[in-house]
Amino acid sequence: MKHKSFILTLIAVALVSLFSYGQEPAHFVIGANELANTDVYSICQTEEGILYAATNNGLYEYRHGQFKSIRGADNQHGNSLFHLKLDQKGQLFCGNLSGQILRLNRGKLEVFFELKKKDIGHELMYEFDVNNHLIIAGKTSCFDVSNGKVKNLYENKKGILVRYNVSLVEA
C-alpha cells in the first residue's frame, strides 16, 4: 500500500510540474544596434548615472537609452581604449595601447599624458592616489602627473633601480 501511495504522489508531483512555469529573469538589452560588432573592454558609471564604455571603436556614452560615440583626440593613436577610471573630481580617464592617457573634457577626448616609447609595456597601468595625483607605471619608470607637472618617481634600467624619489611620502 505504501508503494502505491508513493507512486501516486510521484505522478501527482510530475503532473503539477508540467503545468508550473519558471520565472523569467528580469533583464533588458542596451546598445544592441549602436555597439554591434564592437568589443567592450571597460565600463564606468559616473555619480550622475552616465555610463561610459571603452571599446575597440573608441569611447561611447550611454544617456537616455542610447549610446553615443565620443570624439577622439586629434593626436590619439588608434581607436581601442581601455581602463576607464574616474579621478576624485569625477573626471573620466582612459588609456590606449600606445601609452596615452586620455581625459574626457567638454564632451571630447584629449591626450592628458603620453609615455615615452621605452616605457610602453604590454599593458598601461595607472591609478589616482589619495591626493588625486595620477600615478602611471611604465615598463622602466613610474610617474606622478599632477598640476601640469610630471615627476619621475623611479627609474629602472636592466633590472637595477637607478633613481628613486621618496619625497611624495607624506607624514
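The values are calculated or read from the model by the stated rules, or taken from the named source; none is laboratory data. Predicted model only: the values in this text are computed from it and were never measured. Glycine gets a Cβ as well: all are built from the backbone with ideal geometry, and neighbour counts include every protein chain shown. Note: accessible area is taken over every heavy atom of the protein model, side chains too, but ligands, DNA and RNA are not part of it. Shrake-Rupley method; radii C 1.70, N 1.55, O 1.52, S 1.80 Å.
Can you pull out every residue in region 126-136 that is under 17 Å from the mean Cα position of the chain (by Cα) and either open to solvent by less than 30 Å² (accessible area, probe 1.4 Å) or without any contact (Cβ under 8 Å) to a residue 40 or more places away in the chain (or both)? First the steps, then the outcome.
Initially, region 126-136 is screened for residues under 17 Å from the mean Cα position of the chain (by Cα), giving 126-128, 134-136.
Hits for region 126-136 are TYR126, LEU134, ILE135, ILE136.
Which one of these is at pLDDT below 95 and either charged (D, E, K, R) or surrounded by 10 or more Cβ atoms within 10 Å (Cβ to Cβ) (or both): GLY72, GLY49?
Working: GLY49 fails: either charged (D, E, K, R) or surrounded by 10 or more Cβ atoms within 10 Å (Cβ to Cβ) (or both).
On inspection, the qualifying residue turns out to be GLY72.
Can you tell me which residue among ALA36, ALA54 is of a type in the set (A, V, I, L, M) and open to solvent by 50 Å² or more (accessible area, probe 1.4 Å)? Please lay out each step first, then the result.
Details: ALA54 fails: open to solvent by 50 Å² or more (accessible area, probe 1.4 Å).
Just a single option satisfies the conditions, and that option is ALA36.
Looking only at residues in region 75-103 that are in a strand (DSSP E or B) and either open to solvent by 30 Å² or more (accessible area, probe 1.4 Å) or small (Gly, Ala, Ser) (or both), which one is nearest to PHE143 (Cα to Cα)? Reasoning before the result, please.
The first filter runs over region 75-103 and keeps only residues in a strand (DSSP E or B), leaving 82-86, 92-95, 100-103.
If we keep only those that are either open to solvent by 30 Å² or more (accessible area, probe 1.4 Å) or small (Gly, Ala, Ser) (or both) as well, we get 82-83, 85-86, 95, 103.
Details: PHE82: 19, HIS83: 17, LYS85: 17, LEU86: 18, GLY95: 15, ARG103: 17 Å.
Applying the filter and picking the extreme gives GLY95.
So which residues in region 57-69 are assigned to a strand (DSSP E or B) and either among the β-branched types (Val, Ile, Thr) or surrounded by fewer than 17 Cβ atoms within 10 Å (Cβ to Cβ) (or both)? Please lay out each step first, then the result.
Keep residues of region 57-69 that are assigned to a strand (DSSP E or B), which gives 58-63, 66-69.
Once the filter is applied, which keeps residues that are assigned to a strand (DSSP E or B) and either among the β-branched types (Val, Ile, Thr) or surrounded by fewer than 17 Cβ atoms within 10 Å (Cβ to Cβ) (or both), region 57-69 yields ARG63, GLN66, LYS68, SER69.
Keeping to region 143-161, report how many residues are under 22 Å from LEU92 (Cα atoms) and modelled with pLDDT under 85. I'd like the intermediate steps shown before the answer.
Going through region 143-161, the residues under 22 Å from LEU92 (Cα atoms) turn out to be 143-151.
After this cut, where a residue has to be modelled with pLDDT under 85 as well, the list is 147-148.
Counting residues in region 143-161 that are under 22 Å from LEU92 (Cα atoms) and modelled with pLDDT under 85 gives 2.
Would you confirm whether any residue within region 1-15 is exposed (fewer than 10 other Cβ atoms within 10 Å of the Cβ), hydroxyl-bearing (Ser, Thr, Tyr) and at pLDDT below 75?
no
Which count do you get for residues in region 104-143 that are of a type in the set (Val, Ile, Thr), under 19 Å from GLY78 (Cα atoms) and not in a loop (DSSP other than H, G, I, E, B)?
At the first step, the residues of region 104-143 found to be of a type in the set (Val, Ile, Thr) are 111, 120, 130, 135-136, 140.
Still in the list and also under 19 Å from GLY78 (Cα atoms): 111, 120.
After this cut, where a residue has to be not in a loop (DSSP other than H, G, I, E, B) as well, the list is 111.
Residues meeting the conditions: 1.
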